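Only the coordinates and a few stated rules stand behind these numbers; no lab work does. The shown structure was predicted, so the numbers you read here are calculated from the model rather than taken from an experiment. Here Cβ is always computed from backbone atoms with ideal geometry, including for glycine, and neighbour counts include all displayed protein chains.
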């Protein structure tokens, strides 16, 4: 993406707090370049920052199957899942208190994991998921293991945390 590209101009406008102008520019670019994956992903990211989650989800869902596996798209899908999980969940502090009082409460751990993922604290999120696997391997259709695998995908297979937590998961399952 060149420094002068329309996409870069829209991103710069957004960074400078010119939200309305940036969103309008992104819409224009999307109309001009409907197949441009990066435009769709960056626009979805911008919409999410503006708490327009349904619009962002629609835009991401319009990606081709191949483009949905783009790491940036996967990250946004993961954020949307976490947002969905915390909307009706207790707040962060209440969940910490619940787990302190009820360490085997897998639902509270799952909800706390979503909060951690939204904060970008993947270590804490994965620790909660490992504990779910330890407590109840089959909880919520194997949610602990399944969510760990989603985080591994999000971080990328070469990420140092992925190797570390794959080993921890294998030890927990054996």
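Give the relative contact order (percent, whole number) for segment 78-129; include only Cα pairs under 8 Å separated by 6+ residues. The value is 37 percent. Please label the shape of segment 89-173 as rounded, prolate or oblate, based on the square roots a ≥ b ≥ c of the eigenvalues of the alpha-carbon gyration tensor (a/c under 1.5 means rounded; beyond that, a/b larger than b/c means prolate, else oblate). Since a/c reaches 1.5 but b/c is at least a/b, the shape of segment 89-173 is classed as oblate. For segment 89-173, the relative contact order works out to 22 percent when only alpha carbon pairs closer than 8 Å and six or more residues apart are counted. Mind jotting down the distance between the C-alpha centroids of segment 105-174 and segment 14-56, whole Å? A separation of 31 Å, based on Cα centres.
Among 69, 45, 158, the residue with the largest mean-square fluctuation in a Gaussian network model of the chain, with springs joining Cα atoms closer than 10 Å, is 158. Working from Cα positions, state the angle (0 to 90°, nearest 10) between the long axis of helix 92-101 and the longest principal axis of the chain. The helix 92-101 is inclined about 10 degrees to the chain. Each of 63, 173 was scored by other Cβ atoms within 10 Å of its Cβ. Arranged with the fewest first, they read 173, 63. Take every Cα pair under 8 Å whose residues are at least 6 apart in sequence, average their separation, divide by the length of the chain, and the relative contact order is 12 percent. Overall shape of segment 1-83 was characterised from the C-alpha gyration tensor. The equivalent ellipsoid obtained from it has semi-axes of 20, 15, 11 Å, in decreasing order.
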